[in-house]
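> Structure provided below as structure tokens; questions to follow.
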Amino acid sequence: MSKDQYVIGIDYGSDSVRSVIINANNGAELASSVFYYPRWQKGLFCNPAQNQFRQHPLDYIEGLEQSIKDCIQKAGGDNIATAIKAIAVDTTGSTPVAVNQQGTPLALLPEFESNPNAMFVLWKDHTSVKEAMQINQHAAQQEINYLQYCGGIYSSEWFWSKLLHILRADTAVKDACYSWVEHCDWVPFLLTGGNDVSKMKRSRCAAGHKALWAEDFDGLPPNDFFKSLDPLLDGFTDRLFKDTYTSDESAGVISSEWASRLGLNTDVVIGVGAFDAHMGAVGGQIEPYYLSKVMGTSTCDILVVPQADIDGKLIKGICGQVNGSVIPGMTGLEAGQSAFGDVYAWFKEVLAWPIKNLLRNSPSLDANTLAKLEQELLDQIIPELSKQAAVLPKTNDDELALDWLNGRRTPDANQELKGAISNLDLGSDSPRIFRALVEATCFGAKNIVDRFIEEGIPVKGIIGIGGVAKKSPFVMQTMANVLNMPIRIHQFEHTCALGAAMFAAVVAGVYPNVEAAMKGMGSGFDKEYIPEPENVAYYEARFIKYKTLGVYIEETTSAEHRVAENA
């Protein structure tokens, strides 16, 4: 390893794509670049009131090209480009899209270019709540429990419920849809010049956690399971996949077209893709029984367990247990919260209403000054709320909130649930409400940890990854107190992209396996939050109240739905 060898890790998030160039010999970052999706920034193809969140493939393609080119330029240009050995990609998920037989997303065809149903259905799109409910009801009637490896409950955030919804909602897309493809599978297929979807290498991570693929089923559930659910699904299993691949395997080499577009050699190896949190866990140097929390707009919580330790165990209410979905040879367990940073972003947006709707119309300031003042105020909202919330006195009557503003992912998925705030009075100001929301997201995290422990999976500690973990000391200290566990924060800024780079180094042959890549390229931790004994007991009592409020909201929601169904 005396000669420097470089790899590229690409991380597609909810708002942007980030690329990093890493020296595979030591994990040093040469350059990074972030590209914000222009169509997404404009709110195109989305309708939050209907829980519709779609992304155009052109945002992904433009981001792929521009972020890599920018990285190469920052790193030193052609000299670096010619030394790049491999590229690996992670994405959000489940974020699937309808494709034709060539594997082209329908939104890239002229007749579908402005049709949201022909675009990628982002993970947090909840338009398929009805379909998820029907899948759960249908699965309960089968002799074989096809939901046993995904926690026993299928979610509206996942592969099959989204496919069924799109087929029902749009006849034109239904007629043109040959297959259904995850974002993390499509990008490597694109880079390798794929033109036959039947030859696409499908991610073990995506297939196992979201699409009901399991080794025990010898692939996907049979066609009869889906056909009897809805005839619209008849034949899809034959056009999908049977085999899956772990992310230490190659998806092929870069096509001549993409090598030319990016200024790379044509022998660059492209790795099989995976979801962001799973590669992020590797970038964050996950260890068995340490829960890796990727904290951004939502959370995705990853835990790895040696195969021998989990043999025969089925963990209820999580987002799947899949052999090799994180580290080949270990079982990856996934959980998470449907809203985390999004909870704080929602409250910020509520508080920003007068800034955006009244300040902008002020005749006292010129347009340039207004724009600067608006941005200054918006940038200060969360940091100032955090500062003031941290010094508030703690009492038994403090405001209490639920974090289900985007439904509940785990434990026990239910996307119909809503958030709530209780114990409000005339003294409930913005810092107090913000503190309640922060506590709620931390209580949601505790619910997940408790479920693992209840199911016989110990949690030895927490590894914090992502924007919230890096930028929000108040949130992290609150979480350490709520969990009564230390939280180590990984020092690398783009940890998911670093994880992708580690997989790229394995695919390139620089390291023999993922564990060796983590050891050779890991950058360690730069901060640790320790529980404050004086606050642990307070949060133990608060957590009981949180669970009581949750039970009330869930029972009320269920009762309302029963009334509506019988009306």
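> Conditions first: (1) surrounded by 15 or more Cβ atoms within 10 Å (Cβ to Cβ); (2) in a loop (DSSP other than H, G, I, E, B); (3) modelled with pLDDT of 95 or more. Phe492 passes all but one, so which condition is the exception?
So Phe492 meets the others, but not (3).
> Can you tell me how many residues in region 294-340 are under 23 Å from Gly444 (Cα atoms) and without any contact (Cβ under 8 Å) to a residue 24 or more places away in the chain?
Residues in region 294-340 being under 23 Å from Gly444 (Cα atoms) and without any contact (Cβ under 8 Å) to a residue 24 or more places away in the chain: 0 in total.
> Would you check which residues across region 79-88 are in contact with a helix residue (DSSP H, G or I) (Cβ under 8 Å, 6 or more places away or on another chain) and more than 21 Å from Tyr511 (Cβ to Cβ) and list them?
If the condition is that a residue be in contact with a helix residue (DSSP H, G or I) (Cβ under 8 Å, 6 or more places away or on another chain) and more than 21 Å from Tyr511 (Cβ to Cβ), then Ala81 is the only one that fits.
> Scanning region 114-130 for residues that are touching a helix residue (DSSP H, G or I) at 6+ places or on another chain (Cβ under 6 Å) and outside any helix (DSSP H, G or I), which turns out surrounded by the fewest Cβ atoms within 10 Å (Cβ to Cβ)?
Here is the first cut: in region 114-130, the residues touching a helix residue (DSSP H, G or I) at 6+ places or on another chain (Cβ under 6 Å) are 117-121, 127-128.
Now drop any that are not outside any helix (DSSP H, G or I), which leaves 119-121, 127-128.
Details: Met119: 28, Phe120: 29, Val121: 28, Thr127: 21, Ser128: 26.
That would be Thr127.
> Of all the residues that make up region 522-546, how many are part of a helix (DSSP H, G or I), surrounded by 15 or more Cβ atoms within 10 Å (Cβ to Cβ) and either outside the structural domain of Ser472 (by TED's automatic domain parsing) or out of contact with any strand residue (DSSP E or B) (no Cβ under 8 Å at 6 or more places or on another chain) (or both)?
Result for region 522-546: 4.
> Can you give me the number of residues within region 514-567 that are within 26 Å of the chain's Cα centre (by Cα), among the hydroxyl-bearing types (Ser, Thr, Tyr) and modelled with pLDDT of 95 or more?
2
> Restricting the search to region 419-471, which residues are part of a helix (DSSP H, G or I), over 19 Å from the mean Cα position of the chain (by Cα) and under 17 Å from Gly341 (Cβ atoms)?
Scanning region 419-471 gives Ile433, Phe434, Arg435, Ala436, Leu437, Val438, Glu439, Ala440, Phe443.
> Let me confirm something: among Ile72, Ile68, Ile80, which residue is touching a residue at least 12 places away in the same chain (Cβ under 8 Å), of a type in the set (A, V, I, L, M) and under 28 Å from Ser325 (Cα atoms)?
None of the other options fit; the residue is Ile68.
> Something else: Scan region 200-219 and tell me whether some residue there is at positive phi, part of a loop (DSSP other than H, G, I, E, B) and in contact with a Phe, Trp or Tyr (Cβ under 6 Å, 6 or more places away or on another chain). Break it down stepwise before answering.
Just the residues of region 200-219 that are at positive phi, to begin with: 212, 218-219.
Subset that is part of a loop (DSSP other than H, G, I, E, B): 212, 218.
Within this subset, residues satisfying the condition of being in contact with a Phe, Trp or Tyr (Cβ under 6 Å, 6 or more places away or on another chain) are 212.
Looking through region 200-219, at least one residue is at positive phi, part of a loop (DSSP other than H, G, I, E, B) and in contact with a Phe, Trp or Tyr (Cβ under 6 Å, 6 or more places away or on another chain).
> Go through region 274-285 and give me each residue that's farther than 21 Å from Gly444 by Cβ and either in a loop (DSSP other than H, G, I, E, B) or among the aliphatic types (A, V, I, L, M) (or both). I'd like the intermediate steps shown before the answer.
Here is the first cut: in region 274-285, the residues farther than 21 Å from Gly444 by Cβ are 274, 279, 282-283, 285.
Scanning region 274-285 gives Ala274, Met279, Val282, Gln285.
> Please specify each residue of region 206-236 satisfying the condition of being of a type outside the set (A, V, I, L, M), in contact with a strand residue (DSSP E or B) (Cβ under 8 Å, 6 or more places away or on another chain) and under 20 Å from Ala132 (Cβ atoms). Even if it seems obvious, please write down each step before you answer.
Here is the first cut: in region 206-236, the residues of a type outside the set (A, V, I, L, M) are 208-210, 213, 215-219, 221-228, 230-231, 234-236.
When the remaining residues are screened for being in contact with a strand residue (DSSP E or B) (Cβ under 8 Å, 6 or more places away or on another chain), the result is 208-210, 213, 215, 236.
Scanning region 206-236 gives Gly208, His209, Lys210, Trp213, Phe236.
> In region 15-52, which residues are closer than 30 Å to Gly524 by Cα, in contact (Cβ under 8 Å) with a residue 12 or more places away in the chain and among the hydrophobic types (A, V, I, L, M, F, W, C)?
Within region 15-52, Val17, Val20, Ile21, Ile22, Ala24, Leu30, Ala31, Val34, Phe35 meet the criteria.
> Would you pick out the residues in region 347-384 that are under 24 Å from Trp404 (Cα atoms), exposed (fewer than 12 other Cβ atoms within 10 Å of the Cβ) and either in contact (Cβ under 8 Å) with a residue 12 or more places away in the chain or aliphatic (A, V, I, L, M) (or both)?
Val350
> Here's another thing I want to ask about it. Go through region 1-34 and give me each residue that's out of contact with any His (no Cβ under 9 Å at 6 or more places or on another chain), surrounded by fewer than 22 Cβ atoms within 10 Å (Cβ to Cβ) and hydrophobic (A, V, I, L, M, F, W, C).
Result: Met1, Ala28, Leu30, Ala31.
> In this structure, is Glu157 more than 21 Å from the chain's Cα centre (by Cα) and acidic (Asp, Glu)?
On the way: more than 21 Å from the chain's Cα centre (by Cα): no; acidic (Asp, Glu): yes.
Against the criterion (more than 21 Å from the chain's Cα centre (by Cα) and acidic (Asp, Glu)), Glu157 does not qualify.
> Kindly indicate whether any position in region 134-147 is of a type in the set (D, E, K, R), outside any helix (DSSP H, G or I) and closer than 23 Å to Gly103 by Cβ. Break it down stepwise before answering.
Within region 134-147, the first condition is being of a type in the set (D, E, K, R), and the residues that meet it are 143.
Going one step further and asking which of them are outside any helix (DSSP H, G or I), we end up with 143.
Checking the rest, the ones that are also closer than 23 Å to Gly103 by Cβ come to none.
No, there is no match, as no residue in region 134-147 is of a type in the set (D, E, K, R), outside any helix (DSSP H, G or I) and closer than 23 Å to Gly103 by Cβ.
> Looking at Val181, Val173, can you tell me which residue is assigned to a helix (DSSP H, G or I) and either in contact (Cβ under 8 Å) with a residue 60 or more places away in the chain or in contact with a Lys or Arg (Cβ under 6 Å, 6 or more places away or on another chain) (or both)? Quick ask: steps written out before the conclusion?
Details: Val181 fails: assigned to a helix (DSSP H, G or I).
Matching residue, one of Val181, Val173: Val173.
> Restricting to region 242-300, and then to whatever is among the aromatic types (Phe, Trp, Tyr) and not assigned by TED's automatic domain parsing to the domain that holds Ala505, can you tell me which residue is surrounded by the most Cβ atoms within 10 Å (Cβ to Cβ)?
Quick first cut of region 242-300, residues among the aromatic types (Phe, Trp, Tyr) only: 245, 258, 275, 289-290.
If we keep only those that are not assigned by TED's automatic domain parsing to the domain that holds Ala505 as well, we get 289-290.
Details: Tyr289: 16, Tyr290: 19.
Ranking the candidates gives Tyr290 first.
> Residues of region 543-567 being over 17 Å from Thr441 (Cα atoms), in contact (Cβ under 8 Å) with a residue 60 or more places away in the chain and β-branched (Val, Ile, Thr), which ones?
Thr557
The values are calculated or read from the model by the stated rules, or taken from the named source; none is laboratory data. Because the structure is predicted, anything quoted here is derived from the model rather than measured. Counting neighbours? That spans all protein chains shown, and the Cβs are built from the backbone with ideal geometry, glycine included.
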